[in-house]
Amino acid sequence: MVDELAAGERRPLARLLTRIENGDPTVRPLLPQLFAAGRGGHVVGITGPPGSGKSTLVSALIGEWRRRGRRVGVLAVDPSSPYTRGAILGDRIRMMEHAADRDVFMRSMASRGELGGIAATTWIAAAALDAAGYDPILIETVGAGQSEVEVARVAETTVVVEAPEMGDEVQAIKAGLLEVADVIAVNKGDRPGADRAARQLRAMLSTAGGRVARQPPPVMVTTATSGDGVAALADAIEKHREAAREPIAARDRAAHQVRRGLADLAAQRAVTTDAWESTVDAVARRELDPMTAAERLLDR
Ligand SMILES: Nc1nc2c(ncn2[C@@H]2O[C@H](COP(=O)(O)OP(=O)(O)OP(=O)(O)O)[C@@H](O)[C@H]2O)c(=O)[nH]1
Ligand SMILES: [Mg+2]
């Protein structure tokens with residue numbers, strides 16, 4: 001199967017992604033092979049508030065990278081909510097202009113969590129696109145909550161897309177989005193206030209603490225609908241690729257993913273033990289605290 005992927009055939013890739021999405025148990029034993037077959041594609045997360053123009057920007061970036069001779073993979077991650085199906089369909093239509101291009105592979109993914117949550121589903125799907133030789137691999141996700149921040153952490157480079165009428169940049173910081181931003185795109189550059197929003201963001205980043213202050217993410221102004229600023233954004237993303245592959249950054253990502261894997265696996269195993277029901281009941285009756293309960297389940 002990995003050979004078929006490496007040969008660039010679309011159908012085996014599409015079938016594998018369906019299995020990943022469904023949490024098919026036959027995917028689990030493939031992971032070592034799939035991971036080893038990685039070809040070093042740049043995994044780029046595109047996140048930000050609803051309607052900021054992520055899909056339009058992804059479409060423009062696809063165009064830019066195709067001009068640079070790259071094969072582009074796109075995953076649009078639906079945070080497991082049936083309410084967002086319409087948005088995902090909208091995304092597909094928005095990206096239609098690339099639908100006939102054999103060197104572009106687009107897929108929207110839901111997660112039912114069986115393989116260990118949305119973050120795990122996403123890295124496994126990204127690994128499949130990587131084995132198939134796509135580079136970059138773009139992952140679009142709505143930056144609205146913790147699970148989306150998790151998805152952003154799967155990416156080597158995370159682009160946070162804001163738009164001026166969203167106004168409140170402080171909101172984005174509260175949502176933890178700026179914490180994961182490697183590059184910020186202030187999109188809808190054709191709207192009044194975009195340059196001002198970019199200036200405000202830069203000023204705010206220069207006074208922030210921690211990682212953000214040491215290496216403030218570049219703030220790019222883009223107009224996804226016209227393509228203005230999109231080449232410069234692609235350049236900024238490519239420039240970050242090197243930083244993302246420094247050993248310390250790679251190690252941070254790896255540690256995070258292994259920790260997630262541990263939590264997911266431990267939970268899956270505990271839930272299938274006989275003691276699960278009675279332990280949960282004991283916590284519900286307040287006879288046992290949740291941490292001690294977890295410890296007991298782990299020790300079994
Ligand atoms: N004026 C202007 N409108 C834009 C720009 N980029 C996107 N839009 C419009 O903004 C709306 C939302 O764009 P999408 O690309 O669907 O935004 P999104 O962030 O993917 O939205 P969700 O996936 O629903 O969170 C659409 O009507 C786009 O045409 C831009 O640069 N300028
Ligand atoms: Mg979208």
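A few notes on this one:
- Selection of first residues in region 268-282 that are modelled with pLDDT of 90 or more and of second residues that are open to solvent by 70 Å² or more (accessible area, probe 1.4 Å), restricted to Cβ pairs under 7 Å at least 6 apart or on distinct chains, gives the following pairs, ordered by first then second residue: Ala275/Arg300; Thr279/Arg296.
- For region 32-58, a tally of residues being closer than 15 Å to Asp182 by Cβ and away from ligand 1 (no atom under 16 Å from the Cβ) returns 2.
- Qualifying residues in region 134-179 (those that are assigned to a loop (DSSP other than H, G, I, E, B) and out of contact with any strand residue (DSSP E or B) (no Cβ under 6 Å at 6 or more places or on another chain)) - the one modelled with the highest pLDDT: Asp135
- Helices (runs of 4 or more DSSP H) contained in region 1-82 and holding at least 2 residues of a type in the set (Lys, Arg) and closer than 16 Å to Ser108 by Cβ: 10-21
- Per-region count, region 212-252, residues in a helix (DSSP H, G or I), surrounded by 12 or more Cβ atoms within 10 Å (Cβ to Cβ) and not acidic (Asp, Glu): 15
- Checklist (1) open to solvent by 70 Å² or more (accessible area, probe 1.4 Å); (2) part of a helix (DSSP H, G or I) applied to Thr292, failing item: (1)
- For region 92-111, the candidate set comprises residues that are open to solvent by 20 Å² or more (accessible area, probe 1.4 Å) and within 13 Å of ligand 2 (Cβ to nearest atom); within that set, the residue that is modelled with the highest pLDDT is Met106.
- Checking every residue in region 186-207 against the condition of being among the charged types (D, E, K, R), crowded, with 16+ Cβ neighbours inside 10 Å and not in a helix (DSSP H, G or I) gives at least one match.
- None of Gly23, Gly8, Gly48 is modelled with pLDDT under 90, on the phi > 0 side of the Ramachandran plot and over 19 Å from the mean Cα position of the chain (by Cα) except Gly8.
- Residue pairs whose Cβ atoms lie under 8 Å apart, separated by 6 or more positions or on different chains, with the first residue in region 188-199 and closer than 15 Å to Leu57 by Cα and the second more than 9 Å from ligand 1 (Cβ to nearest atom) and of a type in the set (A, V, I, L, M), are Gly189/Val221.
- Residue within region 272-279 that is under 27 Å from Thr122 (Cα atoms) and open to solvent by 60 Å² or more (accessible area, probe 1.4 Å) present: yes
- Verdict on Arg260 being in contact with a Pro (Cβ under 8 Å, 6 or more places away or on another chain), assigned to a helix (DSSP H, G or I), of a type in the set (D, E, K, R) and open to solvent by 60 Å² or more (accessible area, probe 1.4 Å): no
The values are calculated or read from the model by the stated rules, or taken from the named source; none is laboratory data. Here the structure is a predicted model, which means the values were calculated and not measured. Virtual Cβ from ideal backbone geometry, glycine too; neighbours counted across all protein chains shown. Keep in mind that these areas ignore ligands, DNA and RNA; they rest on the heavy atoms of the full protein, side chains included. Shrake-Rupley method; radii C 1.70, N 1.55, O 1.52, S 1.80 Å.
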